[in-house]
Amino acid sequence: MRPMRRFMLAATATLALSATFAGTSHAAGPGYTTLSTPVPATAPGKKVEVIEFFMYTCPHCYSLDPLLEEWVKKQGDRIVFKRMHFAQSPTDPLAHAYVTLEAMGQTEAVHGKILRAIHGERQRIYRSDEEMKQFLVKNGIDKTRYEQLFNSFSVQTKMKQLAGTVAKYQVSSAPTLVVDGRYMTSPSIAGAPGTSETQAGRQTMAVLDQLVAKAAAEKK
């Protein structure tokens, strides 16, 4: 498996991230680490929160996505699944688009289409907010509502907080998955040396199964 590409956060958050991340997680078992400072999960009842930290321009996220989508469907009501997009700057067009789509409740409607456009079709829709908006409108997103929320106080606030939120979870590369605010895994952590990217992805799903079961048992 080729090494996972590291994606650094915006310059304003890089120092905070390195200070927070260094020494804050440690190996806890095959294929995962634990966060020394857990982040309170928000999943209701006995459900387990699973967050994917990703970037639309990340080829490894594109490779993992079909496996992850299938895994989420199999988990059903046992989990609450969320995504968080790394922001390379406070005005990152892709992160801004994702946060806006999230506010609209439309992330799943176009998530796969965005990944395929960038990696499968080599469309450079990430160069500006306008190009991204045009792509989304062509794929069924309401233009007026998107523009309203794109510039809304709630979306602008979340964009400003995004780098700090990622640092709080002690995540420094994509794709990374955090279970119940305590356990972290990824293809680079779960994959055995020398395995293919697809095999590493499957191993990641197996580790996620174990972590969800572990977190659910600890909630009882």
>> Over 10 Å intervals from 0, what percent of Cα-Cα pairs in the chain sits in each interval?
In response: 8, 33, 38, 19, 2
>> Can you compute the charge dipole magnitude of segment 73-197 about its Cα centre, using +1 on each Lys and Arg Cβ and -1 on each Asp and Glu Cβ, nothing else charged? Give it in debye, rounded to the nearest 20.
In response: 160 debye
>> As a test of the formula, what do you get for the chain when each DSSP H run with n ≥ 4 contributes -39,500 (n - 2.57) and the sum is divided by the residue count, at 222 nm and rounded to the nearest 500 deg cm²/dmol?
In response: -15500 deg cm²/dmol
> Quick one: putting +1 on the C-beta of Lys and Arg, -1 on the C-beta of Asp and Glu, what dipole do you get for the chain around its Cα centre, in Debye to the nearest 20?
Replying inline: 180 debye
>> In Å², and per residue, what accessible area does the chain have when probed at 1.4 Å with the other protein chains present?
In response: 49 Å²
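For the pairs 47/143; 74/133; 82/220; 82/214; 113/219; 158/220, note any where the Cα-Cα span goes beyond 26 Å.
Where the Cα-Cα span goes over 26 Å, the pairs concerned are 47/143; 74/133; 113/219; 158/220.
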>> Please give the charge dipole size of segment 138-220, origin at the Cα centre, charges +1 on K and R Cβ atoms and -1 on D and E Cβ atoms. Round to the nearest 20 debye.
In response: 240 debye
>> If I compute solvent accessible area with a 1.4 Å probe over the protein chains, what percent of it on segment 40-97 is carbon and sulfur?
In response: 57 percent
> How would you order 86-93, 30-37 from highest to lowest mean count of nearby Cβ atoms within 10 Å?
Replying inline: 86-93, 30-37
> If you count the DSSP beta bridges with both ends in the chain, what percent of them are antiparallel, to the nearest 5?
Replying inline: 65 percent
>> Please compute, over every Cα-Cα pair in segment 74-166, the percentage with a separation greater than 16 angstrom.
In response: 56 percent
> Of the listed peptides 157-166, 45-54, what is their order by residue-averaged count of other C-beta atoms within 10 Å, with the highest listed first?
Replying inline: 45-54, 157-166
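The values are calculated or read from the model by the stated rules, or taken from the named source; none is laboratory data. Everything numeric in this text was worked out from a predicted model, so none of it was measured. Positions of Cβ are generated from backbone atoms using ideal geometry, with glycine treated the same way; all protein chains shown enter the neighbour counts. Accessible surface is based on the protein model in full, side chains and every heavy atom, while ligands, DNA and RNA are left aside. Shrake-Rupley method; radii C 1.70, N 1.55, O 1.52, S 1.80 Å.
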